[in-house]
Amino acid sequence: MNLHPSFPYPLYLVISEKDCRGRDFLQVAEYAIRGGVDIIQLREKEITTKEFIYKALKLKEITDKYHIPLIINDQAEVAEKIKAAGIHVGNQDVAPAVLRRQHSFEHKFIGYSIEYLPQLDDENTAVADYLGISPIFNTKTKTDTVTEWGLSGLAMIRSRTDKPLVAIGNVRLENASAIVKAGADSLAVVSAICGADHPEQAAYAIKNELLK
């Protein structure tokens, strides 16, 4: 796997407490980092902003310890408050073009979920640092998506943009190589690591597959 020069993070963990099957999500995150995760996104949909900030600060203590970037899902207020490395947003969130004009996000990562092909030509894609191709395959961890891209859809998007592509949606060890070959620069993993019996070993196995 060739690393994208502007986004050299091949193994991207998306974590929430819910996805960790009742275990301490901070411990799962640290195990995953030890296994080879390069970047982490905290995604919490069902808690207050205050609770989100508290969790994010705790997680940032760990990511800072290992020099791993921390991305916040959706919540600009949280990302700004904890001085996260960046934010990832979808079509229902604050638009990347709006975020980029704000001083606090001027030099931070902004990820943007692609659910429709016309998005590739809009101003939000133009200012985003990476594109989340969501989902590659349907998954129980994210049920509000529009298009299941599949490998052919990913390849089509790859042919139309030079932006770093982060594939998410039922990504696991068995399909990691195929997703990379179809054009992904980074694999966003949820259940295959968060729900694994041994998150460190699961992360190591996927990372090793990517480095072949």
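What follows is calculated from the coordinates using simple rules that are stated; it is not laboratory data. The structure presented is a predicted model; accordingly, all values stated were derived computationally and were not measured. As a convention, Cβ positions derive from the backbone with ideal geometry for all residues, glycine included, and neighbour counts pool all protein chains shown.
Could you check the stretch 53-108 and list, in sequence order, the residues that are out of contact with any helix residue (DSSP H, G or I) (no Cβ under 7 Å at 6 or more places or on another chain), closer than 18 Å to ASP122 by Cβ and of a type in the set (Val, Ile, Thr)?
VAL98
Let's see how each residue does on (1) in a loop (DSSP other than H, G, I, E, B); (2) within 21 Å of LYS18 (Cα to Cα); (3) of a type in the set (Lys, Arg); (4) touching a residue at least 40 places away in the same chain (Cβ under 8 Å):
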| residue | (1), (2), (3), (4) |
| --- | --- |
| ASP162 | yes, no, no, no |
| VAL166 | no, no, no, yes |
| VAL171 | yes, yes, no, no |
| ALA176 | no, no, no, no |
| VAL180 | no, no, no, yes |
| GLY183 | yes, no, no, no |
| ILE193 | no, yes, no, yes |
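Test LEU13 against the stated conditions and say whether it is of a type in the set (A, V, I, L, M, F, W, C) and within 26 Å of ALA176 (Cα to Cα).
Judged against the criteria, LEU13 is a match.
Hey, does the stretch 188-198 have a residue that's farther than 20 Å from PRO8 by Cα and touching a Ser or Thr at 6+ places or on another chain (Cβ under 8 Å)?
yes
Applying the selection to the stretch 160-212, what residues are of a type in the set (S, T, N, Q) and more than 15 Å from the chain's Cα centre (by Cα)?
THR161, ASN175, SER177, GLN201, ASN208
When the residues of the stretch 89-136 are filtered to those that are of a type in the set (Asp, Glu) and within 18 Å of VAL78 (Cα to Cα), which remaining residue is surrounded by the most Cβ atoms within 10 Å (Cβ to Cβ)?
The extreme case among them is ASP93.
Considering only the stretch 13-61, state which residues are out of contact with any strand residue (DSSP E or B) (no Cβ under 9 Å at 6 or more places or on another chain) and among the hydroxyl-bearing types (Ser, Thr, Tyr).
Of the stretch 13-61, the ones out of contact with any strand residue (DSSP E or B) (no Cβ under 9 Å at 6 or more places or on another chain) are 17-24, 26-27, 30-31, 34, 46-51, 53-54, 57-58, 61.
Listed by number, the residues that qualify are TYR31, THR48, THR49, TYR54.
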